[in-house]
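First the structure, in the form of structure tokens, and then the observations on it.
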Amino acid sequence: MTRRRAVFLDRDGVLVESGLRDGVPIPPPGVEQLRLLPGVIEAVDFFAQAGLVLVVVTNQPDVSRGILDLTELERMHRRLSDLLTLDAIYVCTHDDANGCPCRKPRPGMILQAAADLDLDLNHSVCVGDRWRDIDAAQRAGVHSVHIAWNDHEVLRTPADATFSSLYDAREAVIGLTLTDTRKRFAT
């Protein structure tokens, strides 16, 4: 069986609206405030029609911080799954102090999804709006696309491509899944 190509999608700032507090993105506090960004449905449908596996990989530390109830987070993800054609959602609810291997910039969620869903990391892409997403992509050996909506965000490692929205990144994401990352990371 051939391993499948995937798009790993960050949630806040890529799929749904994210606010800013002191230059730092903040997630929607509950399902009532969960709003898809313009063009997200069309972009996700485009990826699904191209045969890509669609996996959300999201840090949600507000759960461990006691700001967000786990039940509300689950409601938000059920709503997201109702709105979009997604194959899986992987969540890390820990904060940096917990040292969790799944919390981005660590690649744990990407690697776990690849093992669970038989994904070809060499022909997959991670799309995110934060340096953590781009670093996690590089550590997992997948291509990266940065969604640059937040002028305050400074990447620590360069992304393969940068766009203002997931919709604008559609063609580039497909193109990157056709390029083997082993060629890019070869020394």
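Please treat every number below as a calculation from the coordinates, not as lab data. Everything numeric in this text was worked out from a predicted model, so none of it was measured. FYI the Cβ positions are ideal-geometry reconstructions off the backbone, even for glycines, and counts take in every protein chain you see.
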task = Once you have the Cα-Cα distance between Glu42 and Arg156, take 0.36 nm times their residue separation minus that, and quote the gain in nm to one decimal.
result = 38.1 nm
query = What is the order of Thr71, Thr181, Thr58, fewest Cβ neighbours within 10 Å to most?
reply = Thr71, Thr181, Thr58
request  = Within 10 Å of each residue's Cβ, count the other Cβ atoms and sort Ser18, Ser165 from fewest upward.
outcome  = Ser165, Ser18
request  = Round to the nearest 10 and give me the degree value, 0 to 90, for the angle of helix 40-49's Cα axis relative to the longest principal axis of the chain.
outcome  = 30
ask   = Quick one: putting +1 on the C-beta of Lys and Arg, -1 on the C-beta of Asp and Glu, what dipole do you get for region 8-128 around its Cα centre, in Debye to the nearest 20?
value = 200
key: Angle in degrees between helix 70-83 and the longest Cα principal axis of the chain, rounded to the nearest 10   = 50
note = Cα convex hull volume per residue for the chain, in Å³, equals 117
message = At 0.36 nm per residue, and after removing the present C-alpha to C-alpha distance, how many nm does the segment from Thr2 to Asp118 gain when stretched out fully?
response = 40.9 nm
request  = Using a cut-off of 14 Å between beta-carbons, work out the net charge of the residues near Asp116 (Lys and Arg +1, Asp and Glu -1, Asp116 not included).
outcome  = -1
task = Can you tell me the 0 to 90 degree angle between the C-alpha axis of helix 108-117 and the longest principal axis of the chain, rounded to 10?
result = 60
task = Could you check how many percent of all C-alpha pairs in region 130-187 are farther apart than 16 Å?
result = 43
Under 5 Å, built H, 5+ apart or other chain: amide partners of Arg5 = Val53, Asp120
ask   = How do 97-103, 107-113 rank on mean C-beta neighbours within 10 Å, highest first?
value = 107-113, 97-103
task = Round to a whole angstrom and tell me the spacing of the C-alpha centers of region 97-116 and region 130-187.
result = 17
query = Could you state the per residue volume, in Å³, of the convex hull enclosing the Cα atoms of region 12-120?
reply = 114
Listed residue (Pro25, Ala159, Leu37) projecting farthest to the positive dipole end of the chain, Cβ model = Ala159
note = Assertion target for Thr93, Thr179, ordered by fewest C-beta neighbours within 10 angstrom first, is Thr179, Thr93
task = Name the cysteines of the chain that stand alone by the Cβ rule: no other cysteine Cβ under 4.7 angstrom.
result = Cys100, Cys126
inquiry  = In region 6-185, if the dipole is taken from +1 on Lys/Arg beta carbons and -1 on Asp/Glu beta carbons about the Cα centre, which of Ala140, Val91, Met76 is farthest to the positive end?
reply    = Ala140
